[in-house]
Amino acid sequence: MAKDGTARGGPRIGQGRPKKPLAEKVMEGKAIGELVLPDPVELEAVDVPPVKEYMQAAQKNGNDLCAAEVFTNTYKWLAQRGCEKYVNTQLIEQYAMAVSRWIQCEEAISEYGFLAKHPTTQAAIASPYVAMSREYMKQVTSVWYQINQVVREHCSVEYGDSSPQDDLMERLLQARGSR
């Protein structure tokens, strides 16, 4: 308690030792006191939910948007680990769109370069695609950490193989090669 009567300071949420993944707790036999969420309601048996139209929309530059492919791959990766019920589909869509927009920015940087002309002075300035790419990559990383945290907490088997996040550079190179 601070002198002015407010409850500032003290322990903060998320500070301290990181939580162990559920798989490690199960292997060590220490998952006994864990809060076990009830199984979600069984839904219609569909391999992958239908991909939304905006994730398949034609792009202005004529290239395909790879969001549908990223969405499908990520959903299948979650389903292999039995965690697709715990991750909100909107979060997967958000991840897929951020990845595809990041790839678009990287393609634009490759096509137009790192410099651009200022609209009024015509002087050289940094390309706006560089800043946009950096922001999309931050968003991709942030959303992936949210998805990965759910997998860590709910996956009771080891999941150390490749993940959709590991395929980002490969996806970028494939997109560049298809032009």
remark   = Listing Glu93, Glu135 by rising number of other beta-carbon atoms within 10 angstrom, fewest first, gives Glu135, Glu93
message = Which of Asp47, Asp64 has the fewest other C-beta atoms within 10 Å, and how do the rest follow up to the most?
response = Asp47, Asp64
ask   = Which ordering of Ser110, Ser100, Ser133 is given by a fewest-first count of other beta-carbon atoms within 10 Å?
value = Ser110, Ser133, Ser100
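A short reminder: the numbers here are calculations on the coordinates, not readings from a lab. Quick caveat, the model's predicted, so the values are computed rather than measured. Positions of Cβ are backbone-derived with ideal geometry, glycine not excepted, and every protein chain shown enters the neighbour counts.
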